[in-house]
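First comes the structure, then the notes that go with it.
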Amino acid sequence: MPHLTSTEIAGRIEDLYGAPLADLEAHAQDQPPGMLSALLGMLGDLSLAERSIGFHRDHLARLIHPERQIGRHEVSHLLDGSSRLAEAVAVRDVQAKSVAAVLQSLTRVPARTPSPPIPSPRLPVPPLPAQSAAHSR
């Protein structure tokens, strides 16, 4: 299964529900928990993990800047930052895989079109009274 970003997942959720993400989030707040709120929660967790990856990656880049000396004190920060980055990547991967699997299992249901009315059975026509051969006067 390919790795999907939160932006790609958001697009798939919009396609599945046929509405912009902001509208779906507003709608989900007014509803009891269901599939939409679960997908939005998973998307939120994925987005948070992606932001965490960016933060820890930038922090490590500052720590290992070529003009900066790495001493004993900085080594512990490097190890801690590396560990946190690895955790964020693991969380992102799990979230992306889970939400992609759920989305893959769902399909958009086409909008209901009103079915043509079913004709009601016709009532039998009462027989016409028999005409007599005698003429009336």
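Key figures
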read-out	value
The lone exception for Gly41 - which of (1) at pLDDT 95 or above; (2) surrounded by 13 or more Cβ atoms within 10 Å (Cβ to Cβ) it fails	(1)
Every pair of residues 6+ apart whose Cβ atoms lie under 6 Å, when the first sits in region 1-13 and is part of a helix (DSSP H, G or I) while the second is modelled with pLDDT of 90 or more and open to solvent by 20 Å² or more (accessible area, probe 1.4 Å)	Ser6/Ser47; Ser6/Glu50; Ala10/Leu21
Where Leu16 falls short, out of the listed (1) modelled with pLDDT under 95; (2) open to solvent by 80 Å² or more (accessible area, probe 1.4 Å)	(2)
Candidates Ala133, Ala111 - the one that is open to solvent by 70 Å² or more (accessible area, probe 1.4 Å), hydrophobic (A, V, I, L, M, F, W, C), at pLDDT below 65 and farther than 30 Å from Glu14 by Cα	Ala133
Residue tally, condition assigned to a helix (DSSP H, G or I) and touching a Leu at 6+ places or on another chain (Cβ under 8 Å), over region 44-65	5
Glu67 surrounded by fewer than 15 Cβ atoms within 10 Å (Cβ to Cβ) and modelled with pLDDT of 95 or more	no
Close pairs (6 angstrom Cβ cut-off, 6 or more residues apart or separate chains): in contact (Cβ under 8 Å) with a residue 24 or more places away in the chain in region 83-98, open to solvent by 70 Å² or more (accessible area, probe 1.4 Å) and not in a helix (DSSP H, G or I) anywhere	Ala96/His3
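The values are calculated or read from the model by the stated rules, or taken from the named source; none is laboratory data. Here the structure is a predicted model, which is why all the values come from computation and not from measurement. Counting neighbours? That spans all protein chains shown, and the Cβs are built from the backbone with ideal geometry, glycine included. Calculation scope for accessible area: heavy atoms of the full protein, side chains included, ligands and nucleic acids excluded. Shrake-Rupley method; radii C 1.70, N 1.55, O 1.52, S 1.80 Å.
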